[in-house]
Amino acid sequence: MSKILVTGGTGYIGSHTVVELQNKGHEVIIVDNLSNSQIDVLDNIFSISGVKPEFEQFDLFDREKTLDFFRRHNEIDAIIHFAAYKAVGESVENPLMYYHNNIFSLVNILTGMIENKIDTIVFSSSCTVYGQPDELPVDENAPIKKAMSPYGNTKQISEEIITDTLHSSKLKAILLRYFNPIGAHESAKIGELPLGIPNNLVPFITQTVIGIREQLKVFGDDYKTPDGTPIRDYIHVVDLAKAHVIAVDRMLEHKNKKNLEIFNLGTGNGYSVLEVINSFEKVTGEKLNYKIVDRRPGDVTEVWADTKFANDELGWKAEKGIDEMNLSAWKWELALDAKKKTK
Ligand code: UFG
């Protein structure tokens, strides 16, 4: 059993990862500033796993607080770093907020790791680093394209900062490039909690069907894809969470082949927006109100993962399909709705 610091551990992917770490017997300490998550997530984690994780609330971009935290917690064995802003549009509106939070936090964490001789980090990256890849499926050796947004750029810069730091220290890192995480824990006790109007497809679908939003806008049906809508590799958040546990254990058990490893985390299957909607309607029996509108600037046409390296080398494979992802997302929305009504 190891003690793992999960930054952003009350967030969407973070909370699912905390549960999977606990399931594997790891002790977890969460640092989160709750800027995009809620404190009751800790109770919900407890009601799934029977263990309440340790928790501290502060901003990781605050250097003094972060270094002080590390000095008080030299029992930490490894870090999974999720804490970051993640809205593409918002990053275009307010780039400095994104660079300040996402970059300073990482620099402070790496400084704290070196000072306290913690040498293992898993970093939450994104397939956005590939832009529109020249070849599909996209593998880990595909070229990094110029970022389409400040958010995407913070992921690219973060990967570079980690890589440079490894060259001059004993650190080892695994960078996990996620495709499109959706869905929720089967218990419907944790899931995605979008702040305000969701940017992403599936939370917008569930909120529309439940009646919070009036209509989903499908951003363009004139792409060069079979039905004209863009194609993405959607992955169940629990599958994604499990990959983090495997990645951190791989380094803690000294099974990593290099001190920097990079894995794509997707299913290898691409679905168009209309295919996602069809699957959602089929598994839930609900009807979605949607209309086709203009393209959203910055959207790539199609991207899906080559999963061979993650399958063979990490020994991880996504298990859940698109129907299961949609059904779990819907059950989560129903659970949120039921909770709202009892308040
Ligand atoms: N879409 C709609 N209507 C909506 C929301 C989304 O039609 O209301 C479409 C998009 O146009 C896209 C697909 O649904 O074709 C998926 O969109 P998401 O916003 O859910 O996901 P993205 O692929 O745009 O975003 C993902 C990650 C980001 C990352 C981005 C880079 O969630 O973190 O890829 O392109 F930055």
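Descriptive notes on the structure:
- The string of couplings for the range 209-216 from the Karplus curve (6.51, -1.76, 1.60, θ = phi - 60°) is 5, 6, x, 6, 10, 7, 7, 7 Hz, one whole number per residue in order, with x for Gly and Pro.
- For the chain, share of DSSP beta bridges that run antiparallel, in % to the nearest 5: 5 percent
- Couplings 3J(HN,Hα) for the range 222-233, derived from phi with the Karplus relation 6.51 cos²θ - 1.76 cosθ + 1.60 (θ = phi - 60°), are 10, 7, 7, 9, x, 9, x, 9, x, 10, 9, 9 Hz, where x marks Gly and Pro.
- Gained length - LEU34 relative to PHE309, 0.36 nm times residue gap less alpha-carbon distance: 95.6 nm
- Projected label distance in nm at LEU67 and GLU319, using a 7 Å step from Cα toward the beta-carbon: 4.4 nm
- Sequence-distant residues sharing a close amide H with LEU175 (under 5 Å, placed H): PHE123, GLU261, ILE262, PHE263
- Listed residue (VAL303, GLY315, LEU216) projecting farthest to the positive dipole end of the chain, Cβ model: LEU216
- Segments 153-163, 192-202 sorted - mean Cβ within 10 Å per residue, highest first: 153-163, 192-202
- Whichever aspartates and glutamates have a C-alpha closer than 14 Å to that of LYS172, once near sequence neighbours (fewer than 8 apart) are set aside: ASP77, ASP119, GLU159, GLU160, ASP164, ASP249, GLU253, GLU261
- Of the GluC sites (Glu not before Pro) in the range 1-99, those whose Cβ has at most 14 other Cβ within 10 Å and which sit in DSSP loop: GLU75
- Rounded Å value of the spacing that divides the Cα centres of the range 164-195 and the range 287-323: 16 Å
- Annotation note: GluC sites (Glu not before Pro) in the range 202-268 located in DSSP loop regions with a Cβ neighbour count of at most 14 within 10 Å are GLU214, GLU253.
- The alpha carbon centroids of the range 1-42 and the range 229-285 are separated by 19 Å.
- In order through the range 103-116: 3J(HN,Hα) via Karplus (6.51 cos²θ - 1.76 cosθ + 1.60), integer Hz, x for Gly, Pro: 7, 4, 4, 5, 4, 5, 5, 5, 5, x, 4, 5, 4, 10
- Cα coordinate range in the chain, projected on the principal axes (Å, largest first): 54, 50, 39
- Anchor LYS217: aspartates and glutamates whose Cα lies under 13 Å away (excluding residues fewer than 8 positions away in-chain): ASP294
- Extension gain for the segment VAL51 to LYS282, taken as residue separation times 0.36 nm less the Cα-Cα distance, is 79.6 nm to one decimal.
- Taking the charge dipole of the range 1-99 about its Cα centre, with +1 at Lys and Arg Cβ atoms and -1 at Asp and Glu Cβ atoms, the residue from LEU34, THR66, THR17 reaching farthest to the positive side is THR17.
- The range 180-275: trypsin sites (Lys or Arg not before Pro) in DSSP coil with no more than 10 other Cβ atoms inside 10 Å: LYS224, LYS257, LYS258
- Alpha-carbon Debye profile of the range 227-301, log10 I(q)/I(0) at 0.25 Å⁻¹: -1.22
- Within the range 62-86: backbone nitrogen closer than 13 Å to the GLU253 label point (7 Å, Cα to C-beta): none
- On the principal axes of its alpha carbon atoms, the range 150-214 extends 53, 30, 17 Å, with the longest extent given first.
- Mean ellipticity per residue at 222 nm, deg cm²/dmol - from DSSP H runs of n ≥ 4 across the chain, formula -39500 (n - 2.57): -11500 deg cm²/dmol
- Violating pairs (Cα-Cα greater than 32 angstrom) within the set LYS155/LYS317; LYS320/LYS341; LYS155/LYS287; LYS3/LYS320; LYS146/LYS282; LYS3/LYS257: LYS155/LYS287; LYS146/LYS282
Every number in this text was worked out from the coordinates using simple rules, so none of it is lab data. Computed from a prediction, not measured in an experiment: that's the story for all the values here. We place every Cβ from the backbone using ideal geometry, glycine too, and count neighbours over all the protein chains shown.
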